[in-house]
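The values are calculated or read from the model by the stated rules, or taken from the named source; none is laboratory data. On a predicted model such as this, the values are computed, not experimentally measured, just so you know. So basically every Cβ, Gly included, is an ideal-geometry build from the backbone, and we count neighbours across all protein chains shown. Only protein heavy atoms, including side chains, enter the accessible area calculation; ligands, DNA and RNA are left aside. Shrake-Rupley method; radii C 1.70, N 1.55, O 1.52, S 1.80 Å.
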Amino acid sequence: MKRIAIFASGSGSNAEKIADYFANKADVEISLIVSNNPKAGVIDRARRLHIPVLLFDRTTFYDTKRITQLLLNQHIDLIVLAGFMWLMPSNLVRAFPNKIMNIHPALLPKFGGKGMYGHFVHEAVVAAGETESGITIHYVNERYDEGQIIFQAHVSIVPSDTPDDVAHKVQVLEHLHYPRIVEEVLMNDE
Ligand code: GRF
């Protein structure tokens, strides 16, 4: 049995797609949904999906090793960030080398880095007059959006597209690809 922990701070639509994808696979379990935000939509989704939730505050995350220890104790094989807003602390990155992955809603290395999340990304893409955007799935290190790229998918932008239109197109790609790429990473790590 492989065990995944999903970290999410927001709505959790990707977390749910990943949970759905693995629901009928006997050899993979979403063991935990981890969040810094007690009001996040992902908490309601986790309850509905009967996935245990772990909530923590900033002090616990950055000033203790409690979260890392808990994930190690639970024998988590892969940490999947799905709209998680905080930088991973170094003790966590070191404890899970190449076992933390993230999805970014643009084509890195463009439109990444601190402050580049959610609608800010799509607004910047449209403002720059880009003709395409997409998703980047990458390993996570101690800097925002700089880990090794695992997979990218592209989508065209037409001049009439608003940032919301781009967000929608990108979300379609996220839901389509993220669960499958999570599975590939999980299975390649024998
Ligand atoms: C996604 O756009 C993802 O790329 C980004 O945060 C968003 C999360 O959306 N990192 P959701 O909470 O999964 O709906």
Exercise. What residues qualify as long-range amide H neighbours of THR136, i.e. H under 5 Å apart, gap of 5 or more or another chain, H built at 1.01 Å from N?
Worked result: HIS104, ALA106, LEU108
Problem set entry | For region 82-89, 3J(HN,Hα) per residue [Karplus equation, 6.51 cos²θ - 1.76 cosθ + 1.60, θ = phi - 60°, Hz, x = Gly/Pro] | 9, x, 8, 8, 9, 5, 5, x
Seminar exercise, completed: Helix-only [θ] at 222 nm, the chain, -39500 (n - 2.57) per DSSP H run of 4+, per residue, nearest 500, equals -11500 deg cm²/dmol
For this session: With θ set to phi - 60°, apply the Karplus curve 6.51 cos²θ - 1.76 cosθ + 1.60 along region 63-79 and write out the HN-Hα couplings as whole Hz, x wherever there is a Gly or Pro.
Result: 9, 9, 9, 4, 5, 4, 4, 5, 5, 5, 4, 8, 6, 6, 8, 8, 9
Problem set entry | Solvent-accessible heavy-atom area per residue, rounded to whole Å², over region 2-187 at 1.4 Å | 48
Exercise. Tell me, what is a quarter of the convex hull surface for the C-alpha atoms of the chain, in nm² with one decimal?
Worked result: 10.1
For this session: Work out the length of the dipole vector of the chain about its Cα centre, built from +1 on the beta-carbon of each Lys and Arg and -1 on the beta-carbon of each Asp and Glu, and round it to the nearest 20 debye.
Result: 640
Exercise. When only alpha-carbon atoms count, how far does region 58-160 stretch along each of its three principal axes, as whole angstroms with the largest first?
Worked result: 50, 26, 17
Exercise. Where does region 1-107 land on Rg/Rh, using Cα atoms and the Kirkwood Rh?
Worked result: 0.93
For this session: Rounded to whole Hz and in sequence order, give me ³J(HN,Hα) for region 55-60 from the Karplus expression 6.51 cos²θ - 1.76 cosθ + 1.60, θ = phi - 60°, writing x for Gly and Pro.
Result: 10, 9, 9, 4, 4, 4
